[in-house]
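The values are calculated or read from the model by the stated rules, or taken from the named source; none is laboratory data. These numbers were taken from a predicted model, which means no experiment stands behind them. With ideal geometry, Cβ positions are generated from the backbone for all residues, glycine too; neighbour counts draw on all protein chains shown.
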């Protein structure tokens, strides 16, 4: 939940009264003790120095203990969770590795206050790993905030979110909008993800064209070197279609071997982190993932490039006259 009309959490504002009303809605799930799974949150940005030198903005998020139940996949991997009411913070795993001054028990200066780093958390590779979390009731006054920037709810039925949002839009007292968190962050990262995707597609197309021409040159050279073999096969009764099929299969096999070697060489890049500007004017770290789907897609692309690169040389081999082939033999 963010303020109606806001572009990001930084420009959003939700009063405590409205946050309490949202939390007790009947459509919000409860935990085993009957407490609503709702997390009102304060969001600010602070400039910190990366290990490689530049100073960049990072997200500082004040949350309640319920945030760990509201969001799946958040878990402490080092140290412990922050204690409510204390100036303690936990740091996302990717941020912990990239910024100076990070270490369990070390003091972090935020808003002229000293915050103790007590833990490192993992968020299944999501953007939350680029954030610092602390107690919302401590961070809100420390960062001179009155209300909250957002409220995260765990709904009993996620499909009810559009109807819930329509109801909120009709309520003049509730100046908030409801949207799925995944959709919210996809909208926020649209420009960055779009640019990265366009760059990846451009590089892939250029490399595919180069690979096709490389395969074509290799197959033309093979055809030229095996003219005697082609003539012998034709004299023995092999048809032009059989010759064409044999060279296409050979080209395809070479492409598959090359694709497999390329996938093996790409495996060490799995998990390598980088960063880009994201939502809330802050840096978001992300990791490269080599998935089964990406490997299959790469192998299929290699197969298609092998067929495309071997087709013209195979046609040339199939059209070699028997007399010319035997004369060159």
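Within the stretch 92-112, restricting attention to residues that are touching a helix residue (DSSP H, G or I) at 6+ places or on another chain (Cβ under 6 Å) and surrounded by fewer than 18 Cβ atoms within 10 Å (Cβ to Cβ), the residue that is farthest from residue 49 (Cα to Cα) is 111.
Among the numbered conditions (1) at pLDDT 85 or above; (2) within 22 Å of residue 7 (Cβ to Cβ); (3) buried (at least 19 other Cβ atoms within 10 Å of the Cβ), the only one that residue 174 does not meet is (1). Candidates are the residues of the stretch 68-91 that are buried (at least 21 other Cβ atoms within 10 Å of the Cβ) and modelled with pLDDT under 90; the one that is nearest to residue 118 (Cα to Cα) is 74. Candidates are the residues of the stretch 45-67 that are at pLDDT 85 or above and outside any strand (DSSP E or B); the one that is farthest from residue 102 (Cα to Cα) is 66.
Could you look through the stretch 12-35, keep only residues that are closer than 17 Å to residue 161 by Cα and free of Cβ contacts under 8 Å to residues at least 24 places away in the same chain, and pick out the one that is surrounded by the most Cβ atoms within 10 Å (Cβ to Cβ)? So, considering only residues that are closer than 17 Å to residue 161 by Cα and free of Cβ contacts under 8 Å to residues at least 24 places away in the same chain, the one surrounded by the most Cβ atoms within 10 Å (Cβ to Cβ) is 30.
Out of all the residues in the stretch 39-50, is one or more in the same structural domain as residue 171 (by TED's automatic domain parsing), surrounded by fewer than 15 Cβ atoms within 10 Å (Cβ to Cβ), more than 24 Å from the chain's Cα centre (by Cα) and more than 14 Å from residue 153 (Cβ to Cβ)?
Looking only at the stretch 39-50, we keep the residues that are in the same structural domain as residue 171 (by TED's automatic domain parsing), and these are 39-50.
Those still in the list that are surrounded by fewer than 15 Cβ atoms within 10 Å (Cβ to Cβ) too: 47, 49.
Among the residues that remain, those that are also more than 24 Å from the chain's Cα centre (by Cα) are: none.
No, the stretch 39-50 contains no residue that is in the same structural domain as residue 171 (by TED's automatic domain parsing), surrounded by fewer than 15 Cβ atoms within 10 Å (Cβ to Cβ), more than 24 Å from the chain's Cα centre (by Cα) and more than 14 Å from residue 153 (Cβ to Cβ).
Restricting 255, 242, 297 to residues that are within 25 Å of residue 215 (Cα to Cα), modelled with pLDDT of 80 or more and touching a helix residue (DSSP H, G or I) at 6+ places or on another chain (Cβ under 7 Å) narrows the list to 255. For the stretch 148-164, check the following and say yes or no: at least one residue is within 21 Å of the chain's Cα centre (by Cα) and surrounded by 20 or more Cβ atoms within 10 Å (Cβ to Cβ). No.
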